[in-house]
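Read through the structure below, which is laid out as C-alpha cells, and then see the notes.
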Amino acid sequence: PVADPPTPAPGGSATGVQRVRLCRKRLDVPDEDIIEVAGLPVTTALRTAFDCACDEPAHNALCIADSALRLVCDPCAWRPGECEAPLAQARAAWQRMIEASAGRHGIRRARAILAAASPWSESPAESLVRWLVLALGLPAPELQHPVETRRGTRYLDLSWPDLRIVLEADGRMKYQAPQDIYDEKLRQDDIHAQGWTMLRIPTEDLRDLRALAGRILALFPAPVLAGLRPDPLLRGAGLWGSRSEGPVLL
C-alpha cells in the first residue's frame, strides 16, 4: 500500500528529481496471506486489496478490490452461479482480516470499500464509474445485467433495471478495428430498442468528475435524487488535480 508522506527520489526529469510516494509499514501478516511469486514472498491478492482498502484513497482501493475479486472468482456472465462459492470465500477471508485488524487506521473505510467490491466489474474504468455512483449516494447499480434482444443477450456494465438506465464505460481498447465500432453500434441499438437510456462514459470524461457527476445525476428522476445518501467513507478530493487526497466530487 502506498500512503504519504511523499519522498523525493532521483529521476530523469528536467529538474533531476521526481517526486514519488513511498511508505514503509510493518504489519504482522499471517502465513495464509503470503504466497511466493518468482521466488519472492508477497501478499495474496485478497490481502493486498485489504491493505490497500485501509491505506489508499477509496477510488483506488475499490478498483484494486474489484480486480482482486475478479482474479479469485473468475466470473462468467453465462454461468453466474459458479462465482457464488469463491465470492463467499473471498468475503469470509476479508472479514477475518477486518476482525484481526480492529483499531487499524482506515479500517472503517476498508469495511465500506470491501463491502462494495464486486467481481463483475470488467475494467478499472467501470470500477471508477461505480465508485463515483456510490460516492454520490445513488442506489448501487447492478453489474452485467442481461438484456434479451433480437440479436441475442446483451450484458450491461452498470444499470438500474427498474429505471431502464445504463452506464457504459468506454475505453479505446475496445475499438481496435472498424468492425468493433459497427458491432458496438448494433449493441447500443439493441439496448435502446428495449427501452433503455444509455450514457457512454469515455475514459477522458473521468478527468472531470464534477461534469460527469452532473450528467449521471441528470438521468435519474426527482424521487431518486431526493433520496441521495452520499457515503462519506467513499468521498475524497483531488484525484487528477493538484491535490492528491482523492477526487473532488461536488
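The values are calculated or read from the model by the stated rules, or taken from the named source; none is laboratory data. This structure is a prediction, so every number in the text was calculated from the model and none was measured. In this analysis, Cβ positions are derived from the backbone assuming ideal geometry, glycine residues included, and neighbour counts consider all displayed protein chains.
Of note:
- Extreme residue, modelled with the highest pLDDT, among residues of the range 74-113 that are under 27 Å from R207 (Cβ atoms) and not small (G, A, S): I113
- Close pairs from the range 215-237: first in contact (Cβ under 8 Å) with a residue 60 or more places away in the chain and among the acidic types (D, E), partner surrounded by 15 or more Cβ atoms within 10 Å (Cβ to Cβ) and part of a helix (DSSP H, G or I), Cβ under 7 Å, at least 6 apart: D231/A112; D231/L134; D231/A135
- Test for A102: is it in contact with a strand residue (DSSP E or B) (Cβ under 6 Å, 6 or more places away or on another chain), of a type in the set (A, V, I, L, M) and surrounded by fewer than 22 Cβ atoms within 10 Å (Cβ to Cβ): no
- When A125, A140, A112, A102 are checked against the criterion of being touching a Leu at 6+ places or on another chain (Cβ under 9 Å) and outside any helix (DSSP H, G or I), A140 stands alone in meeting it.
- Counted residues, the range 32-73 - those being in contact with a helix residue (DSSP H, G or I) (Cβ under 8 Å, 6 or more places away or on another chain), modelled with pLDDT under 95 and in a loop (DSSP other than H, G, I, E, B): 1
- Among the residues of this structure, R210 does not count as one that is under 28 Å from V224 (Cα atoms), at pLDDT 95 or above and within 24 Å of the chain's Cα centre (by Cα).
- Answer residue from the range 72-98, given it is of a type in the set (D, E, K, R) and more than 19 Å from R111 (Cβ to Cβ) and is surrounded by the most Cβ atoms within 10 Å (Cβ to Cβ) among those: E82
- Residue, farthest from C54 (Cα to Cα), within the range 114-132, restricted to residues that are at pLDDT 95 or above and among the polar types (S, T, N, Q): S121
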